Amino acid sequence: MKIESQVSEALNAQINNELRASYVYLAMAAHFDSDNLKGFASFFRRHAGEEIDHAMRIYDFIVKRGGTVELKGIAVPEKNFRDPAAAIRTALAMEADVTDQIHKLFELAHEVKEYGTQNMLHWFLEEQIDEEDLFRDLLEQAEAAGDSRWHLMVLDNRLLGAAPPA
Ligand SMILES: [Fe+2]
Ligand SMILES: [Fe+2]
């Protein structure tokens, strides 16, 4: 059955939200690369890639259901962060927004009896629980490091999967 038009429109908007998240994370990666925090940079770069995967999941679903993918513009992301904790707080707030967006999509899919879409969205519901949990944990660690460059470097090395600086 061809995808319901309202749902198709809402899923297209979600493609944009996921790509926007990817752009925000890439800006964070660039910020930390310029601050020589390679672990944080690689963490956010990896995450930027994951958000593109999320967008493509929805893209493929729309195509498979006979809908049309329509790409919209992406706003310039913020690029200056006081410290890693500030960036992670921004990330956590954005993930909470994405969770809201997925909930609204699910409600719409439920209302118009788009059962296939509901099933596809289950993956995203679970993913958002993991994402919020991940950023909450990381925020706790970054806040514990506070303004200590040394502690941030230890955390940075851990994110890089390397041994702490000697
Ligand atoms: Fe996502
Ligand atoms: Fe995410």
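Potential lengthening of the chain between Arg57 and Ser148 amounts to 28.8 nm, from the contour at 0.36 nm per residue minus the alpha-carbon distance. Largest GNM mean-square fluctuation across Arg82, Arg20, Arg65, computed for the chain with C-alpha springs under 10 Å, falls on Arg82. Here the Karplus relation 6.51 cos²θ - 1.76 cosθ + 1.60, evaluated at θ = phi - 60°, turns the backbone of the range 103-120 into coupling constants of 4, 5, 4, 5, 4, 4, 4, 5, 4, 9, 6, 8, 5, x, 5, 4, 4, 4 Hz, with x for every Gly and Pro. By the rule of a C-alpha distance below 29 Å, with chain neighbours fewer than 8 residues away ignored, the lysines paired with Lys38 are Lys79. Rounded to whole numbers, the Karplus 3J(HN,Hα) couplings from phi for the range 56-69 are 5, 4, 6, 3, 4, 5, 4, 4, 4, 8, x, x, 10, 7 Hz, using 6.51 cos²θ - 1.76 cosθ + 1.60 with θ = phi - 60°, and x at Gly and Pro. For a straight C-alpha distance cut-off of 18 angstrom, the aspartates and glutamates reachable from Lys64 (same-chain residues fewer than eight places away being disregarded) are Glu4, Glu9, Asp53, Glu114. Dividing the Cα radius of gyration of the range 5-159 by 2.2 N^0.38 Å, with N the residue count, gives 1.14. Note on the range 30-67 and the range 92-154: Cα centroid distance 14 Å, given to the nearest whole angstrom. The lysines within cross-link reach of Lys104, meaning a Cα-to-Cα straight distance under 17 Å and a gap of 8 or more places when in the same chain, are Lys113. For the range 5-159, relative contact order (Cα pairs under 8 Å, six or more residues apart, normalised by length) works out to 29 percent.
Readers should treat all values here as calculations from the given coordinates under stated rules, not as data from a laboratory. Keep in mind it's a predicted model, so treat the numbers as computed, not measured.
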